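The values are calculated or read from the model by the stated rules, or taken from the named source; none is laboratory data. Computed from a prediction, not measured in an experiment: that's the story for all the values here. Heads up, the Cβs are rebuilt from the backbone with ideal geometry, glycines too, and the neighbour counts pull from every protein chain shown. Side chains are part of the model used for accessible areas, which takes the heavy atoms of the whole protein and leaves out ligands, DNA and RNA. Shrake-Rupley method; radii C 1.70, N 1.55, O 1.52, S 1.80 Å.
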Amino acid sequence: MNLILDLLFPNRCLGCQNIIDANDAVCDACVSLIDFANFSFTETNLLEQKCRLLFPTEKAVALMLYQKSGLSQKIIHELKYNGRSIIGKTLAKWTVEKNILSSFGIDIITSIPLHPRKQKERGYNQLHHFVEYISKETKIPYSHNLLKRNFYSKPQAQKDREHRSEIKNLFSVQCAIQDKHILLIDDVYTTGNTISSAAWELIKKGNNKISILVMAVDF
Ligand SMILES: [Zn+2]
């Protein structure tokens, strides 16, 4: 069945439309067109600076810069809205290759959860393949169950307070976790409000330290 589907609807590079392996997102040539962030290799880490304005941050890194109508946006869109959860693995592979996390001293990896209803609608959480691949390659354990999202969509009152760095009760911590260095993963960092809200819960509930990894930053 898959073979027939592959023949009828071959997987195409999101950059140049050439036919590529079913699990890939872009061809080797188009990988070089992606704007990788490489924050960890520069002295000024803008993401880290922005995070530290919102919550106590150990380290913060991003894989890509989010280019409007560019390749990184297409990749994230496929991953989130087009059923291509496997692209998370490609992004994780690039992250591991860049050796971004080796010096962080992370105890456990987790990611921003979807509300169960949302996850059921989408059929998957777009961060899980990413988390699992990074965990496997770095030998750092992961959990998909540290955090729970409390609302299907943000209540109006919270939307009104969007500018505040801490959105109340957006997430709950549902496992006892104490004094750990947690790597918190999300897809796109924009205002930082979501990730900040999750980070504060983990800090307040168990005196944990938080580092951030995002697939892309969109400042
Ligand atoms: Zn290509």
Search result, residues across the range 178-202 that are assigned to a loop (DSSP other than H, G, I, E, B) and in contact with a Ser or Thr (Cβ under 8 Å, 6 or more places away or on another chain): G192
Of all residues in the range 44-75, which are open to solvent by 60 Å² or more (accessible area, probe 1.4 Å), without any contact (Cβ under 8 Å) to a residue 40 or more places away in the chain and closer than 22 Å to L184 by Cα? T44, Q49, R52
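When the residues of the range 93-134 are filtered to those that are touching a His at 6+ places or on another chain (Cβ under 9 Å) and assigned to a helix (DSSP H, G or I), which remaining residue is farthest from K80 (Cα to Cα)? Quick ask: steps written out before the conclusion?
Filtering the range 93-134 for residues touching a His at 6+ places or on another chain (Cβ under 9 Å) gives 104-108, 110-111, 113, 125, 127-128, 131-132.
Filter again for assigned to a helix (DSSP H, G or I), leaving 128, 131-132.
On the way: H128: 11, V131: 15, E132: 17 Å.
Per the stated criteria, the residue is E132.
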Extreme residue, farthest from the ligand (Cβ to nearest atom), among residues of the range 11-38 that are open to solvent by 40 Å² or more (accessible area, probe 1.4 Å), of a type outside the set (A, V, I, L, M) and over 20 Å from the mean Cα position of the chain (by Cα): D21
Are any residues in the range 191-202 open to solvent by less than 30 Å² (accessible area, probe 1.4 Å) and either of a type outside the set (A, V, I, L, M, F, W, C) or without any contact (Cβ under 8 Å) to a residue 40 or more places away in the chain (or both), and if so, which ones? G192, N193, S196, S197, E201
Does K205 fit the bill of being in a helix (DSSP H, G or I) and open to solvent by 20 Å² or more (accessible area, probe 1.4 Å)? yes
Going by what's in this entry, would E78 be described as in contact with a Lys or Arg (Cβ under 6 Å, 6 or more places away or on another chain) and more than 14 Å from the ligand (Cβ to nearest atom)? no
